[in-house]
Each structure stands twice: as structure tokens, then as C-alpha cells.
Amino acid sequence: MGQMKTPGVYIVEKNAFPNSVVEVATAVPAFIGYTQIADNQGKSLRDKPWRISSLAEFHLYFGVGPTPSFEIKPQASPVTEPTSFKLGAQEYLLSQPTGKDGGRFLLYYGMRQFFQNGGGPCYVVSVGDFEADAIDPTRLQEGIKMLIKEQEPTMLVIPDCMLLKQPDCISVQQAALAHCGTMKSRVAVLDIWEGYKPPIESVAAFRNDLGINYLDYAAAYYPWVNTTVVQDNELSYRNIRNRDKLQEILRTELDLPDTLPADATPKLAAQAKAVDDVMKDEAAWIAADTKSAEKDKPQNARMEMALLNKSLAALSPTFNTMMGELKNKLNLLPPSPAMAGIYTMVDNSRGVWKAPANVSLNGVVSPAVNLSAEDQEDLNVTTQGKSVNAIRSFIGEGVLVWGARTLDGNSLDWRYISVRRTMIMLEESCRLAAKAMVFEPNVANTWVTIKSMIQNFLTGIWKRGGLAGAVPDDAFSVHVGLGETMTSEDVLEGILRVTVLVAISRPAEFIEITFQQQMQKS
């Protein structure tokens, strides 16, 4: 208080309690990829991290999903990929080009996976319009750089990089690792390129090409998963690019003549009309509608196309097989967005120190590759240390996450993803709280304030199970002071050093129960 010069009574208030440390958010992923739009009331959101908290907000700012476009092709010889469907002796493939040519993008489906598995607030960085832009590794890497100034994200997820060529995909993943290792406040959740193939092919290439930098800031998951994100009512004959080929196949299956005879039965005429209408687009349907008002024509056209799709499904088993194959192809997705949702759900229910494993995946039918315990041995423990977490199916339990390691699997410090994420939470929480002490006098009062502040925070974490120890002294210790953590020169240079030791709880990854026979006692 100021100097007292006037006689009277002066009130002096002193703080009785130290500042508290507020636990930072631990599950705020940042998704980078391509969207339909990127607009906030006329202002572009392209290359701008934007916070949302629901799928409805994603639709508001970034639009809906892409329109997938498949092409019917005769099966090649020799066979290089599984046949999609068969008509007579002829086998066919349904192929979808990557990018704008075929509507093959993964971010939108990943967002649906994320919220389906317990996701909450997140950031989206739209790096392009999937109706006009092709997937570009440079654009994805630029999207990563946009997150440097954002402090809240704690995870990095880039599902669209799975659609790049393998070297480009690895370069994007390496950029994600470098970003997380530099920021030290987030981890990357990675997928395996072509993770629907056996691990000896896909995982080996991933480990060989990824490098060894910043491995403790990432976790990888294998295999891809068959999901229920895309439903039957989202697909129709309009998702077939070469509809002339579709028309030819339908004519062959229904045995329709090229020219309808004058005495054709009503059934044959209806079949021929349905097959011919396959070639009409929305503009043709609107032009053909002469009875409705102008404003009703688009809606009527969509209804007519929906009825045609139902008619084709009723007429042709081959058409139903094709639509089922389209759905299966679109529902084969990388698991990283779903894992981001699992991280969020586990953090909210148990805490960041609980390993995000032995948890079932919602909206997942099966893993793309069915792994056994022997198959997982090399994934989990390898001489190179690049552990890959398995997603496995168990009888009576469904599809479970069956791994909790970082890519730095040989490190006793950072082997487990829960340990890395807990440490990030502790570091960021204490760092932000200590900012209040910047430029305070570097004296004992300040040291005691900081020490008590961090001790109170860590005591709360210990009580919730985040730190290991029977008593707080076994779980953590905080050291600060002249002669303890600082020298006289440090004080003169304005440096205040605090050392915090913590015993973070680790998951029980291997449980051994020993049985031994004993002598009969009665």
C-alpha cells in the first residue's frame, strides 16, 4: 500500500491462498483434410483452424460429404484385385478414382466416426474443396503448419493422407511427427497406408520408411476397419459413372430386347422403361416434368430418381450386389478418427492416464484383417521399437482396441501413449499456471508459492489415480530454491528453476496368473 500520511484507518487485504493449477483439456483433436465448403457467413475458413463441437456444426461450416463415383470395369487378367460382382461368366470390378475425379475423400467419413465413438470439441483445417481440388501432400503439410499458433489441440489426425501414394503419405506423416515433437503439446494418431492388407506388406513398409524422429509423440493403429458410416439410402445408380455399362448389364440380366415389340407385356415395358431411365440425369427429369410448378420440379425429379432406384433394386439382384459392394468399399476406413473419439471418451470417463485400450469401437463391423495373438506379437513388440497397436475382433465382445503403445516401443519412459499424454497434460497445466509468476521477484516467497501451487495440483491428480504411490510423497516431489535447483548466477540472470518428479501410472499390459497344485489337506 502507499505511504500513510493522513491519520485514519487503512484496510490491507492479503491473499491467503496460492494460485491454483487448472488442468488443461486433453482430448481436442485437429483434423486436416478436404471438405465441400469452408465458409462462415461469407468468410472463408480455408487453411484456418476452426473449432466445432458437433457434426451439425461441421455441416454448417464445411458442408456434407463427397459424392462417390464408381466405374464398372471388366476383371483384368491376371486378377490383381478381388472381383466386385459377376454376371454369367463375366467378372467385373467397381473402381473409384482418388480425389475429385471419383469423390474419394476420407475426412467427412472420419468426422462421422469421431463423433460416433464419443468425440467432442475439435478443430478442422480445410485445405481444399473436394469438388475442385485433388489431394495434394503439400497442401496437407501446409494445413499442419496452420496449427502452430493454436494452443488447444492435443491430437493430430489426417485421414486424407491415406489416399496419397505411399511416399507422399509417409512425408505427410513425418511432417505430423515433426510438428508434434516441436510443439510438445500434442500427439499424432497415425494409420497404416493400405492397412487393409496383411501386416507383412503394409506394416513392414510403414516401419521402414517412417524414420526414427519424434516416435514418442505418435501412436499407429492397424488394420483398417469395416464400418457402418455409409448407409444403403445414401447410394443409388447415380453413383455409377459409366451408366451406359450399367444399362448394358441390366439389359443382359433381364434379357431385354434392343427394340421393344409392339405387343410387349406391361411387365416387360416397365422393365425396359426402368433400364432406359438409368441414362437420364436430374436435368432430364426436370425437363420431362410438365405438370408441376417450376419450384416443385427439382424436388419431383429427386423423388422420381429415388423411385427408379427402388425399381432397379426390385428388378435386378446384380444391381443389389453392386450397391452392396459400393457400400462396403466406402465403409472401409482408416481407424485414426475413431481412435480420436475413443481417446476423448476414455479421457472424459476415466482420465487421460487410463490407456485407451480394451475399449470397443462403435459403428465398426469388423477389422479389415483378422489378427490372431501370434499375428500381433510382431506388431506389439519388435526389435526396431516401432510398436503398432492392433484392432482385433473377439468372440462375444466385438471389435476392441488391443494396444496402447507409442511408436517408441523400446523406450521405458515413453512406451505407452497414456504416459506421454498424461505428461503433456501435467506439463501444459503447470506451464500455464506458472505464467502468473513471470516477472515476480525471484525470492523465497515466490518459490514457496510455486511449489505449493504445483504440489496441490499433483495431489489432486494422485487422488484420482493418475500418479502411482501409496502416499503423495511416493507419487511426486517438487523442488525449487537457491542451492537446490538454482545457483546464485541463475538468480542474477532472472532464471527460476523448478524440478518436478512424478511417478505416472502405467497400464497392466501383461497379466500373469500362476497356478500350482498343492497337497490334499482333508
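The values are calculated or read from the model by the stated rules, or taken from the named source; none is laboratory data. The structure displayed is predicted, hence computed values, not measured ones. Heads up, the Cβs are rebuilt from the backbone with ideal geometry, glycines too, and the neighbour counts pull from every protein chain shown.
Let's see how each residue does on (1) of a type in the set (G, A, S); (2) farther than 22 Å from K273 by Cβ; (3) in contact (Cβ under 8 Å) with a residue 40 or more places away in the chain:
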position: A301; (1), (2), (3): yes, no, no
position: M322; (1), (2), (3): no, no, yes
position: P335; (1), (2), (3): no, yes, yes
position: M339; (1), (2), (3): no, yes, yes
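With (1) within 22 Å of N331 (Cα to Cα); (2) out of contact with any Leu (no Cβ under 8 Å at 6 or more places or on another chain) as the list, and I32 as the residue in question, which single condition is left unmet?
Evaluating I32 over (1) within 22 Å of N331 (Cα to Cα); (2) out of contact with any Leu (no Cβ under 8 Å at 6 or more places or on another chain) leaves (2) as the failure.
Go through segment 136-183 and count every residue that is among the hydroxyl-bearing types (S, T, Y) and either in contact with a His (Cβ under 6 Å, 6 or more places away or on another chain) or surrounded by 19 or more Cβ atoms within 10 Å (Cβ to Cβ) (or both).
1
Before we move on, is S77 modelled with pLDDT of 90 or more, of a type outside the set (F, W, Y) and out of contact with any helix residue (DSSP H, G or I) (no Cβ under 6 Å at 6 or more places or on another chain)? Before you say what the answer is, go through the steps one by one.
Values: modelled with pLDDT of 90 or more: no; of a type outside the set (F, W, Y): yes; out of contact with any helix residue (DSSP H, G or I) (no Cβ under 6 Å at 6 or more places or on another chain): yes.
So S77 does not fit the description; no.
Restricting to segment 107-135, what's the tally of residues that are among the aliphatic types (A, V, I, L, M) and surrounded by fewer than 23 Cβ atoms within 10 Å (Cβ to Cβ)?
Adding up the residues that qualify gives 2.
Regarding I240, is this residue among the β-branched types (V, I, T) and crowded, with 18+ Cβ neighbours inside 10 Å?
yes
Within the bounds of segment 197-206, is there any residue that is among the aromatic types (F, W, Y), assigned by TED's automatic domain parsing to the domain that holds E374 and more than 20 Å from Y108 (Cα to Cα)?
Among the residues of segment 197-206, at least one is among the aromatic types (F, W, Y), assigned by TED's automatic domain parsing to the domain that holds E374 and more than 20 Å from Y108 (Cα to Cα), which makes the answer yes.
Working only within segment 95-106, note down all residues that are in a strand (DSSP E or B), at pLDDT 85 or above and either surrounded by 19 or more Cβ atoms within 10 Å (Cβ to Cβ) or acidic (D, E) (or both).
Correct list: R104 only.
Do we find a residue being surrounded by 13 or more Cβ atoms within 10 Å (Cβ to Cβ), touching a residue at least 24 places away in the same chain (Cβ under 8 Å) and closer than 30 Å to R350 by Cα anywhere in segment 507-517?
The answer is yes; a qualifying residue exists.
Kindly provide the set of residues from segment 179-235 that are under 15 Å from the mean Cα position of the chain (by Cα) and farther than 14 Å from L332 by Cα, ordered by number.
R186, V187, A188, V189, L190, A218, A219, A220, Y221, listed by residue number.
Looking at segment 1-44, which of its residues are closer than 22 Å to D136 by Cα, polar (S, T, N, Q) and in contact with a helix residue (DSSP H, G or I) (Cβ under 9 Å, 6 or more places away or on another chain)?
Across segment 1-44, the qualifying residues are T35, Q36.
What strands (runs of 3 or more DSSP E) lie completely within segment 19-75 and have 3 or more residues being within 18 Å of the chain's Cα centre (by Cα) and of a type outside the set (S, T, Y)?
Values: elements: 29-35, 50-52, 71-74.
By residue number, 29-35, 50-52.
Taking the condition of being among the acidic types (D, E) and closer than 16 Å to T406 by Cα, how many residues in segment 192-235 meet it?
Residues of segment 192-235 among the acidic types (D, E): 194, 201, 209, 216, 232, 234.
Within this subset, residues satisfying the condition of being closer than 16 Å to T406 by Cα are 216.
Residues meeting the conditions: 1.
May I ask you to verify whether Q113 is closer than 26 Å to V229 by Cα, in contact (Cβ under 8 Å) with a residue 24 or more places away in the chain and part of a helix (DSSP H, G or I)?
Taking the combined requirement at face value, the residue satisfies it.
What about L426, is it out of contact with any Phe, Trp or Tyr (no Cβ under 6 Å at 6 or more places or on another chain) and either among the hydrophobic types (A, V, I, L, M, F, W, C) or loosely packed, with under 12 Cβ neighbours inside 10 Å (or both)?
Values: out of contact with any Phe, Trp or Tyr (no Cβ under 6 Å at 6 or more places or on another chain): yes; either among the hydrophobic types (A, V, I, L, M, F, W, C) or loosely packed, with under 12 Cβ neighbours inside 10 Å (or both): yes.
Yes.
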